[in-house]
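The values are calculated or read from the model by the stated rules, or taken from the named source; none is laboratory data. These figures come from a predicted structure and were not determined experimentally. With ideal geometry, Cβ positions are generated from the backbone for all residues, glycine too; neighbour counts draw on all protein chains shown. The protein model used for the area step is the full one, side chains on, heavy atoms only, and it has no ligands, DNA or RNA in it. Shrake-Rupley method; radii C 1.70, N 1.55, O 1.52, S 1.80 Å.
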Number of protein chains: 2
Amino acid sequence: MAVPRAAKTQRRTRIQEEKEERIFEAALDVFSAQGFRGSTIDQIADAAGMSKPNLLYYFRTKEAIHRQLIDRVLSTWLEPLRAFDAEGRPEAEIRSYIRRKLEMARDFPRESRLFANEVLQGAPHIEDELRGPLKELVDEKAEVIRGWARAGKIAKCDPYHLIFSIWSTTQHYADFDVQVRAVLGQEQAGEGRFEDAARFLEQLFLDGLRVR
Amino acid sequence: MAVPRAAKTQRRTRIQEEKEERIFEAALDVFSAQGFRGSTIDQIADAAGMSKPNLLYYFRTKEAIHRQLIDRVLSTWLEPLRAFDAEGRPEAEIRSYIRRKLEMARDFPRESRLFANEVLQGAPHIEDELRGPLKELVDEKAEVIRGWARAGKIAKCDPYHLIFSIWSTTQHYADFDVQVRAVLGQEQAGEGRFEDAARFLEQLFLDGLRVR
DNA sequence: CGATAATTTGACCGATTGGTAAAAGCTTAC
DNA sequence: GTAAGCTTTTACCAATCGGTCAAATTATCG
């Protein structure tokens, strides 16, 4: 007659940790591919290799899975921007930010699509995170960039739109992967496309922001 | 005892045209906001101000609405790229392509999100269009850009990734609108953001592609 | 071992889903 | 006007949805 999530013992069971991990993995697969509304608990349970009631023993509702999944993924997702260093050399910082974001698009496309789906559909579950922590982080880094521009280290430009453009160009390779592959065609769509993209984007941003 | 869509008279009724138009409008609202799987026929019927069976009299299935909606929207969506002129001056062509795409993100965000949702979820309904007509169009324009680069009119760069980056940066303002607004905050998120974006993107691409 | 707590299952629920059938109501051309 | 064809509605269906419940099973610990 136990209450879900071990009300009596307080600490988490080994089984709990394992199962919750499997559920998060499965939920990332399903939510990133179909969005929140398009996903069903059954699909997640199937992907996690367990029955629906069993899954609901660990997470009370579909929304609970989604919310916790986003929470856990969001912090790592913002890591590259957080690593953006005010003390570094502008060129090197921008170049490595692009590199990191592109690597994330290549190595964690599900995470990218999870957010893309969410934001695309109006961000009903993460609007607070956007207005709060995200905005604060971007405000801070925008100030850094503005400082570089004032000091003549990079061209004068709107730092917010610069950040947006780095986000969009890099995440494009995760979110619109099918389209990118379709347009590039069989021969060019191999893993080399990320190297090509990196080369192009570095040229674009570094030359585009060079002082003239 | 009539069969849907006027099997006997062949030509379309006035009522048919009006109702199908209303359904397309409603479907664009709903599909663009929630994706295919997340949308329901009831929602579309509601938005179109008619009953579900009435809507299904004009379109046999949910898929049929979606397919025809995408067909009708796709050609106008590719118009700016089609207008890309090989004979024009490279700088002017690129600048006006960015302008047009940005205007479309501002004026037709639903269309942008319709495709974004579709591609994001693996493009199950438009993969053929991507591999066929879209790829052909991009191949053609990529060749134009390559010619400009060879002639030294713009910097050497991968034309495909250039096109991808223009798509992603401009469509970002439609697809990720909520995020853009949230990050910019109340004061900066007015309609002026499109002018700011245009200025930034023109600077980025024109300086980034200038021969040096 | 035995008991207590944690986990899993199968059977089930009401609401919503995409879609159908048939008849009633409405237009239009003659 | 009237008949043929077009449109709309009402009532309905089977499947799927998110979620519950109680009982059965398994793990843990003294």
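Give the average, rounded to an integer, of partner chain Cβ atoms located within 10 angstrom of each Cβ in B:25-38. Provide the component values of the computation, followed by the final result.
Numbers: counts 0, 0, 0, 0, 0, 0, 0, 2, 4, 7, 8, 3, 7, 8.
Across the residues of B:25-38, the mean count of other-chain Cβ atoms within 10 Å is 3.
In Å², rounded to the nearest 100, what is the total accessible surface buried by chains A and B against each other with a 1.4 Å probe?
Working: alone 12560 and 12580 Å², together 20040 Å².
Approximately 5100 Å² gets buried when A meets B.
Got a sec? Charge dipole of chain B, +1 on Cβ for Lys and Arg, -1 for Asp and Glu; which of B:Q186, B:A142, B:W167 is way out at the positive end?
B:A142
Just checking the output field for A:120-130: average partner chain Cβ neighbours within 10 Å of each residue's Cβ?
Details: counts 15, 8, 5, 6, 1, 0, 3, 4, 1, 1, 7.
That average works out to 5.
Lys/Arg Cβ at +1, Asp/Glu Cβ at -1, dipole of the protein assembly as shown taken about the Cα centre: which of B:A83, A:A86, B:I94 is farthest positive-ward?
Looking along the dipole axis, the top candidate is B:A83.
Using a 1.4 Å probe over the heavy atoms of the protein chains, calculate the carbon and sulfur portion of the accessible area of region A:79-209 as a whole percent.
Values: 2390 of 5200 Å².
Result for region A:79-209: 46 percent of the exposed heavy-atom area is carbon or sulfur.
Taking a 29 Å limit on the Cα-Cα distance, which of the listed pairs A:K141/B:K141; A:K62/A:K135; A:K135/A:K156; B:K52/B:K101 fall beyond it?
On the way: A:K141/B:K141 36 Å; A:K62/A:K135 27 Å; A:K135/A:K156 21 Å; B:K52/B:K101 35 Å.
Result: A:K141/B:K141; B:K52/B:K101 exceed 29 Å.
Using the heavy atoms of the protein chains alone and a 1.4 angstrom probe, what is the accessible area of region A:14-73 per residue in square angstrom?
Numbers: 2890 Å² over 60 residues.
Per residue, region A:14-73 has an accessible area of 48 Å².
5 Å is the cut-off here: which amide hydrogens, built 1.01 Å from N in the peptide plane, fall below it relative to B:A189, excluding neighbours closer than 5 in sequence?
Result for B:A189 returns nothing.
Mind grabbing the accessible area of A:M104 for me, 1.4 Å probe, Å², rounded to tens?
Counting only protein heavy atoms, the figure is 30 Å².
Shape of region B:99-212 from its Cα gyration tensor (a ≥ b ≥ c, root eigenvalues): rounded if a/c is under 1.5, otherwise prolate when a/b > b/c, or oblate?
oblate
Can you find, among B:G208, A:I15, A:A198, the residue farthest towards the positive end of the dipole of the protein assembly as shown? Put +1 on the C-beta of Lys and Arg, -1 on that of Asp and Glu.
It is A:I15, whose Cα lies furthest towards the positive end.
With only Lys, Arg, Asp and Glu charged, each at its Cβ (+1 for the first two, -1 for the last two), find how big the charge dipole of the protein assembly as shown is about the Cα centre; round to the nearest 20 debye. Kindly include the intermediate steps, with their values, before the conclusion.
Values: 68 positive and 70 negative charges, 51 e Å.
Charge dipole of the protein assembly as shown: 240 debye, to the nearest 20.
How large is the accessible surface per residue of region B:143-189, computed with a 1.4 Å probe and reported in Å² as a whole number? Before the final figure, lay out each step's value.
Working: 1670 Å² over 47 residues.
Solvent-accessible surface per residue comes out at 36 Å².
Note down the magnitude of the dipole of chain A about its Cα centre, charges +1 on Lys and Arg C-beta and -1 on Asp and Glu C-beta and zero elsewhere, to the nearest 20 debye. It would help to have the intermediate numbers written out before the result.
Details: 34 positive and 35 negative charges, 81 e Å.
Dipole about the Cα centre, nearest 20: 400 debye.
Measuring label to label, 7 Å along Cα→Cβ, what does A:R14 give against each other copy in nm, shortest first?
Result for A:R14, in nm, nearest copy first: 7.8.
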